[in-house]
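The values are calculated or read from the model by the stated rules, or taken from the named source; none is laboratory data. Predicted model only: the values in this text are computed from it and were never measured. Neighbour counts are summed over all protein chains in view; Cβ atoms, including those assigned to glycine, are modelled from backbone coordinates with ideal geometry. All accessible areas refer to the heavy atoms of the entire protein, side chains included, with ligands and DNA or RNA removed. Shrake-Rupley method; radii C 1.70, N 1.55, O 1.52, S 1.80 Å.
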Amino acid sequence: MGQRTPLFDLHLALGAKLVDFGGWDMPLHYGSQVEEHHQVRRDCGIFDVSHMHVIDVSGSQAKPWLQHLLANDVGRLQHTGRALYSAMLDTQGGIVDDMIVYLTEQGYRLVVNAATGAKDLAWMNAHLSGFDVHLTHRAELAMLAIQGPHARQKIGELVTQARAELIHTLRPFEGQQEGDWFIARTGYTGEDGLEIILPAEQACSFFNDMVGAGISPIGLGARDTLRLEAGMNLYGQEIDEQVSPLISNMGWTVAWKPEDRDFIGRAALEAERTKGIASKLVGLVLEERGVLRAHQVVRIAEVGEGEITSGSFSPTLSKSIALARVPMATADRAEVEIRGKWYPVRVVQPTFVRHGKALI
Amino acid sequence: MSTIPAELRFAESHEWAKQEGDLIVVGISDHAQEALGDVVFVELPEIGKVFVAGDAAGVVESVKAASDIYSPVAGEVVEVNESLGETPEELNNSPYSSWIFKVKPSNADGDLAKLLDADAYKAAIGE
């Protein structure tokens with residue numbers, strides 16, 4: 001038996017089919033993964049993402065410590081509530097994890113991946129010495145994501161006036177505390193929406209309120225196809241300790257300036273940049289029938305070979321899409337080997353769908 | 001709880017087989033389609049292909065994963081359900097009327113006898 005979120009029994013009552021995700025028993029879907037996907041693109045849906053870890057960072061040296069720990073620069077966070085996306089690297093430039101960092105009244109709030117939480121905490125603790133920093137793993141909190149074009153409007157109707165006002169005024173990639181809720185305008189679907197971090201004991205009743213208001217629960221299956229269409233990396237698929245952010249479409253998250261900011265992995269990334277970045281993540285679109293899957297081989301004429309990191313059927317596009325790591329030179333066309341046969345694919349920018357619209 | 005028609009025979013790998021004249025019609029069980037989730041692609045066998053019972057005959061892909069389909073009987077593929085190309089989700093909607101392929105069997109009685117009846121299949125999937 002895996003770990004369970006506070007909403008586990010509610011998922012069962014709602015008919016969830018369960019799946020193991022990073023040691024957690026999580027809902028894969030509640031009936032149809034494809035319908036849930038459409039629901040989020042067209043209206044909105046709720047995800048239980050309480051398996052993700054919330055880590056609060058406080059202490060007088062929280063800022064210089066995070067500037068050392070992370071490849072992105074928390075110095076860029078100009079005012080309370082702003083968020084940034086960053087990789088946490090090892091000294092080789094490999095990605096220990098990716099996360100969102102919020103600047104809060106008390107310091108910083110980090111939201112890291114489910115399967116990597118224990119590893120991340122061990123890594124962070126191993127790099128604490130010499131810093132006046134205190135880490136608090138907020139395991140008592142639950143986290144719900146409400147995503148889709150109507151998410152903010154519908155949630156605004158279900159919460160207190162103060163929270164509704166905050167939801168109305170939050171800009172994209174901002175998060176603020178309101179009472180014992182932390183409400184952020186962030187997500188992992190390519191749609192507008194919210195992520196709400198709240199006490200576990202309030203999560204079930206709020207989830208129930210949302211379902212009662214006609215908002216569909218959405219499983220991790222649709223979460224995966226939504227993030228794939230949005231071209232977002234998934235830790236363990238596109239990124240892990242074997243790859244650097246520079247070959248993972250995360251170059252924009254590496255803050256090179258100020259040049260004297262000595263973050264872990266910096267020397268390795270600079271060496272990689274000097275040597276020349278070898279590969280990149282691209283999008284693939286299969287024009288024929290079939291389904292692209294992770295680890296299938298990609299062949300680009302006169303360029304070389306690559307590999308699919310995530311592949312699935314795109315419910316929005318009604319065809320199969322994938323993210324693949326290919327040689328930097330790449331091309332407009334490639335071929336993918338599926339069960340011994342080579343299928344032609346189109347190579348595209350790895351953002352397939354945003355705000356309900358096909359981009360390819 | 002899935003549906004298990006009494007007139008069908010089942011492979012432990014979740015295909016159903018039905019005698020139809022001198023042919024055997026093959027599909028996947030309700031239990032199988034439920035476990036697979038939304039089916040988005042079916043790779044059909046080639047007409048004329050000859051299978052031994054238990055040979056991989058095709059692939060059903062859901063959003064989640066690809067799953068091999070095995071021929072429950074030996075014989076030659078004489079017909080495939082081309083309409084699954086356009087509407088693979090029919091395997092979810094009506095697993096027992098959405099057949100995948102038809103085989104001209106070489107040993108129908110012997111092969112069918114080795115398959116599970118509805119009760120035995122029900123027990124095999126723990127229902």
>> Relative contact order for chain B: what percent, with Cα pairs under 8 Å and sequence separation of 6 or more?
In response: 32 percent
> If the cut-off is a Cα-Cα distance under 27 Å, which lysines reach A:Lys257, setting aside same-chain residues fewer than 8 apart in sequence?
Replying inline: A:Lys63, A:Lys275, A:Lys280
> Summing Lys, Arg as +1 and Asp, Glu as -1, what charge do residues with Cβ under 15 Å from the Cβ of A:Arg273 carry, A:Arg273 excluded?
Replying inline: +1
> Local charge sum around B:Ala11 (other residues, Cβ-Cβ under 13 Å, Lys/Arg +1, Asp/Glu -1)?
Replying inline: -3
> How do A:Trp252, B:Trp99, A:Trp24 rank by accessible surface area computed with a 1.4 Å probe, from largest to smallest?
Replying inline: A:Trp252, B:Trp99, A:Trp24
> Cα centroids of the range A:334-360 and the range A:279-310: how far apart, whole angstrom?
Replying inline: 8 Å
>> Sequence gap at least 6, Cα distance under 8 Å: using those rules, report the relative contact order of chain A to the nearest whole percent.
In response: 18 percent
> Can you give the longest stretch of chain A with no exposed loop site, where a site means GluC sites (Glu not before Pro) in a DSSP loop (not H, G, I, E or B) with at most 11 other C-beta atoms within 10 Å?
Replying inline: A:1-104
> Taking chain A as a Gaussian network, where each spring joins two C-alpha atoms under 10 Å apart, which residue of A:Ile308, A:Ile300, A:Ile196 fluctuates the most?
Replying inline: A:Ile300
> Using a 1.4 Å probe on the protein chains only, how many percent of the accessible area of the protein assembly as shown belongs to carbon and sulfur?
Replying inline: 49 percent
> Taking Cα pairs under 8 Å and at least six residues apart, what relative contact order does the range A:245-358 come out at, in percent?
Replying inline: 27 percent
> What does the accessible area of A:His79 come to, in Å² to the nearest 10, when a probe of 1.4 Å is used?
Replying inline: 80 Å²
> Gain in length, A:His150 to A:Glu335, computed as 0.36 nm per residue apart minus the alpha-carbon separation, to one decimal in nm?
Replying inline: 62.7 nm
> What is the sum of charges around A:Ile100, taking Lys and Arg as +1, Asp and Glu as -1, for the other residues whose C-beta is under 12 Å from the C-beta of A:Ile100?
Replying inline: -1
>> Could you tell me how far the Cα centroid of the range B:7-74 sits from the Cα centroid of the range A:58-133, in Å?
In response: 50 Å
> Can you give the accessible area buried between chains B and A, summed over both chains, with a 1.4 Å probe, in Å² to the nearest 100?
Replying inline: 1300 Å²
>> Looking at the protein assembly as shown only, what percent of DSSP beta bridges run antiparallel? Nearest 5 please.
In response: 95 percent
> Can you give the accessible area of A:Lys63, probe radius 1.4 Å, in Å² rounded to 10?
Replying inline: 90 Å²
> Hey, what's the range A:54-137 come to in accessible area per residue, 1.4 Å probe, Å²?
Replying inline: 37 Å²
